[in-house]
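One structure is given below, encoded as structure tokens.
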Amino acid sequence: MMDKHPLISAYTSFVRNRSNDKIGVIGQPDAGKSALINLLCESKAYISVQTDATLDTKAYAYNDYGYLVDFPGVGTEVMTVKKYKKIIQNVNIKHYLYVFSSKIKAVDIEIIKYLAKQDKDITFIYNKVDTLIDVQGEDNKEALIRDKDVELNVMMKEIIHKKQSYTFTSVVDHTGIDSLKYVLDEIFVTEETLFISRYQDNKYKESYLNYKTQSAFPKLFTPSFKTILLKANYKSLERTIMEHFKIQEEDIIEHAQKCITIQELIDEFEQQNSDKKVSKAMALTKIVQLLRSSFKIKSVNPISMVVTSMLEVGISNAFPVLQAISKYMNEIRQIADDMIVEEQKIYKQQ
């Protein structure tokens, strides 16, 4: 499989981070979550006889789009409820499997309440169903399964206001695994469809490019910016802009009508500005306006350092440089825009 262009990989990650491509697997510490993930993903999730073996989240590829994320067990000595809630808060996951292998405990209720309050979708799993027996020998397995569903509905009635039922599973005899895969497949098909729609949406493309434009400011206007101006070391600025947008030399050759440089643009702007005489105050105003519009900056504060550097080297000399940097960045941004549009047209075409 051909490697993706760095720009396309970055854009894909940007959209993925705003989509739902993960399902969290959480629940009781002895419920066999890691073994279940191994079976579903045909992977090697870390399994241990210790009930709190999984101390942080680990993602495993379920299919070409989606991942199952193994969470720590709920209610261990190491992982308090407070820590657990913080983990949930810090991950971008909408769907969760909550895995049980014994009675619903108070700590389970607390985490489920938190998930429901955060508007998360929960699928309840009762794993190790092969070990479900009545020690008194009075009920058969079917009756025990019905009792578990009744218990779930009674406990969840005030938390999730619709009827719930377990998906009963076993990694030993594969009970319920196909049913669970069907649930996962349905979720991931829906979410992948939404991801593709976002990927091809110009709003997401513009959002990505605006983000890259705004985040270029601190990379370009570092404390060494004054030295760059004094030494006219514009090639370093060109490299910074290209690397930031993940554009390569061959991309410029392929997509631009001609290879421009910041120095060439400076010469153009100096020629255009030669007949225009403005006061220092007017020049400062134009600099602020240029920086705010070019880098999508709402606050004036980040611009103060740049203005200080310009005052030190001379406004009249520096303003064409800023104009040239802005135009060069816009040219590189346009190349990135064109490349993303090309990829949007062919992405996932069948």
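The values are calculated or read from the model by the stated rules, or taken from the named source; none is laboratory data. Note that the coordinates shown come from a computational prediction; the quantities given were computed from them, not determined experimentally. Methodologically, a virtual Cβ is constructed for each residue, glycine included, from the backbone with ideal geometry; neighbour enumeration extends over all protein chains shown.
So, Asp130, is that one in the same structural domain as Val150 (by TED's automatic domain parsing), modelled with pLDDT under 95, among the acidic types (Asp, Glu) and at negative phi or not? Judged against the criteria, Asp130 is a match.
Being more than 21 Å from Glu342 (Cβ to Cβ) and at pLDDT 90 or above is the filter here, so list the residues in the stretch 199-215 that pass it. Answer for the stretch 199-215, where residues must be more than 21 Å from Glu342 (Cβ to Cβ) and at pLDDT 90 or above: just Ser215. In the set Lys219, Lys205, Lys231, Lys163, only one residue is of a type outside the set (Ser, Thr, Tyr) and in contact with a Phe, Trp or Tyr (Cβ under 9 Å, 6 or more places away or on another chain); that residue is Lys205. Report yes if some residue within the stretch 328-347 is farther than 30 Å from Ile196 by Cβ and at pLDDT 65 or above; otherwise report no. Yes, there is a match, as at least one residue in the stretch 328-347 is farther than 30 Å from Ile196 by Cβ and at pLDDT 65 or above. Residues in the stretch 223-266 that are in a helix (DSSP H, G or I) and of a type in the set (Ser, Thr, Tyr): Thr227, Tyr234, Ser236, Thr240. Of all the criteria given as (1) outside any strand (DSSP E or B); (2) out of contact with any Lys or Arg (no Cβ under 7 Å at 6 or more places or on another chain); (3) surrounded by 14 or more Cβ atoms within 10 Å (Cβ to Cβ), the one not satisfied by Asp119 is (3). For the stretch 180-192, a tally of residues being exposed (fewer than 12 other Cβ atoms within 10 Å of the Cβ) and of a type outside the set (Phe, Trp, Tyr) returns 1.
Quick one: in the stretch 158-168, of everything that is of a type outside the set (D, E, K, R) and more than 31 Å from the chain's Cα centre (by Cα), which residue is surrounded by the fewest Cβ atoms within 10 Å (Cβ to Cβ)? Step through it out loud before you land on a result.
Here is the first cut: in the stretch 158-168, the residues of a type outside the set (D, E, K, R) are 159-161, 164-168.
When the remaining residues are screened for being more than 31 Å from the chain's Cα centre (by Cα), the result is 165, 168.
Numbers: Ser165: 14, Phe168: 22.
This residue is Ser165.
The residues in the stretch 157-201 that are part of a helix (DSSP H, G or I) and acidic (Asp, Glu) can be counted, and the count is 5.
Limited to the stretch 90-110, what total is found for residues that are in a helix (DSSP H, G or I) and either modelled with pLDDT under 90 or under 16 Å from Ile37 (Cβ atoms) (or both)? Walk me through how you get there before you give the answer.
At the first step, the residues of the stretch 90-110 found to be in a helix (DSSP H, G or I) are 90, 106-110.
Then drop every residue that is not either modelled with pLDDT under 90 or under 16 Å from Ile37 (Cβ atoms) (or both), which leaves 90.
Within the stretch 90-110, residues that are in a helix (DSSP H, G or I) and either modelled with pLDDT under 90 or under 16 Å from Ile37 (Cβ atoms) (or both) number 1.
Can you confirm whether Ile111 is within 18 Å of Gly75 (Cα to Cα), surrounded by 17 or more Cβ atoms within 10 Å (Cβ to Cβ), touching an Asp or Glu at 6+ places or on another chain (Cβ under 7 Å) and among the hydrophobic types (A, V, I, L, M, F, W, C)? Spelling it out, it is not the case that Ile111 is within 18 Å of Gly75 (Cα to Cα), surrounded by 17 or more Cβ atoms within 10 Å (Cβ to Cβ), touching an Asp or Glu at 6+ places or on another chain (Cβ under 7 Å) and among the hydrophobic types (A, V, I, L, M, F, W, C).
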